[in-house]
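Participant: Mind looking over this structure? Questions follow.
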Amino acid sequence: MDEGHFNFERAQTLLDGSGGGELLLKAVEAMRKAANDGHAAAANTFGTMLHHGRGVHQDLTAARAYYHQAAVTGLPAGRFNLGFLLVRGLGGEKDEARARTLFLLAAEDGELDAITHLGAMMMTGSGGPQDFDAALEWWARGVELGDSRCAFNLGIAHAGGHAGDVNFVAAWYWFKQAERLGNDGAAAELARLGTVMSEEDQAAVIACNSR
């Protein structure tokens with residue numbers, strides 16, 4: 001086992017047993033050493049520590065550098081985290097186009113946070129062309145992977161006509177999927193739909209629900 005992997009495993013063990021204090025500081029130091037030895041997952045994790053100020057002083061510029069180190073290895077979480085800072089201009093200049101590219105690469109590897117954010121950028125045209133169909137396809141893929149946010153976003157898209165014509169029945173279906181997957185906001189949207197749906201829509205929902 002190389003030193004970088006050894007320090008990463010040690011850091012993970014310390015984090016698992018740490019509520020803070022001296023163990024957390026030891027975990028941070030081991031993670032830093034592993035990251036500086038070129039361990040991709042350690043670079044991403046240490047970047048997260050710097051990003052959120054866990055066990056270290058918050059340093060968004062350094063966080064971006066460590067996320068970049070993880071991202072260039074192809075680590076999906078590193079690509080997402082770097083994109084997250086880029087799209088918000090944290091720790092350096094804002095770069096929506098690069099963030100969207102990173103989200104796409106991470107999404108292709110099934111990174112759910114990236115899928116959610118990529119769909120939103122495609123829906124709004126941030127960092128590249130507006131593409132409603134591609135946004136819906138990515139969110140549908142996210143639902144297949146069990147992500148409630150993607151299901152909720154599909155509900156919003158159909159209810160607001162962003163997927164073509166306003167379709168309350170399709171919106172209801174996706175909000176039900178979001179609720180099933182544990183989304184806290186889905187119940188309120190389902191209740192709201194109940195106040196605007198036509199009798200025909202409600203009949204379609206009942207028929208769909210009885211299958």
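Rule-based calculations on the coordinates, nothing more; no lab input. Quick caveat, the model's predicted, so the values are computed rather than measured. Here the Cβ is made from the backbone with ideal geometry for all residues, glycine too, and neighbour counts use every protein chain on show.
Participant: Only loop residues by DSSP count here, and only those with at most 16 other Cβ atoms within 10 Å; note down the trypsin sites (Lys or Arg not before Pro) in segment 87-147 that meet that.
Facilitator: Within segment 87-147, the qualifying trypsin sites (Lys or Arg not before Pro) (loop, at most 16 other Cβ atoms within 10 Å) are K94.
Participant: In addition: Compute, for the chain, the length of the dipole vector about the Cα centre, with Cβ point charges of +1 (Lys, Arg) and -1 (Asp, Glu) only. Units Debye, rounded to 20.
Facilitator: Magnitude of the dipole: close to 420 debye.
Participant: Just to check I understand the Karplus step: with θ = phi - 60° and J = 6.51 cos²θ - 1.76 cosθ + 1.60, what whole-Hz values come out for segment 202-207, glycine and proline as x?
Facilitator: In residue order, the calculated couplings are 5, 5, 5, 5, 4, 5 Hz.
Participant: Please determine, in degrees from 0 to 90 and to the nearest 10, the orientation of helix 186-196 with respect to the longest principal axis defined by the Cα atoms of the chain, where the helix direction is its Cα long axis.
Facilitator: 20 degrees
Participant: What is the angle, in °, between the Cα long axis of helix 40-52 and the longest principal axis of the Cα atoms in the chain? Nearest 10 is fine, range 0 to 90.
Facilitator: 80 degrees
Participant: Fully extended, how many nm does the chain gain between A207 and F6 (0.36 nm per residue separation, minus their Cα-Cα distance)?
Facilitator: Roughly 66.6 nm would be gained on extension.
Participant: Can you tell me the alpha carbon radius of gyration of segment 1-93 divided by the globular rule-of-thumb value 2.2 N^0.38 Å?
Facilitator: Normalised Cα radius of gyration, segment 1-93: 1.02.
Participant: Using alpha-carbon positions, what is the distance between the centroids of segment 105-131 and segment 135-160, in Å?
Facilitator: Here the two parts' Cα centres lie 12 Å apart.
Participant: Thinking of segment 32-80 as a set of Cα atoms, what percent of all their pairs are more than 12 Å apart?
Facilitator: 50 percent
Participant: Which value, in Å to one decimal place, does the Kirkwood hydrodynamic radius take for segment 87-211 when every pair of different Cα atoms is included?
Facilitator: 15.2 Å
Participant: Further question on the same structure: Starting from the Cα gyration tensor of the chain, multiply each eigenvalue by 5, take the square root, and state the resulting semi-axes largest first in whole Å.
Facilitator: They are 40, 19, 14 Å, listed largest first.
Participant: Once the Cα gyration tensor of segment 149-211 is found, what semi-axes does its equivalent ellipsoid get, as square roots of 5 times the eigenvalues, in whole Å, sorted largest first?
Facilitator: Each semi-axis is √(5λ); the values are 17, 14, 10 Å.
Participant: Please compute the contact order of the chain in relative form: average sequence separation of alpha-carbon pairs under 8 Å and at least six residues apart, divided by the residue count, as a percent.
Facilitator: Value for the chain: 9 percent.
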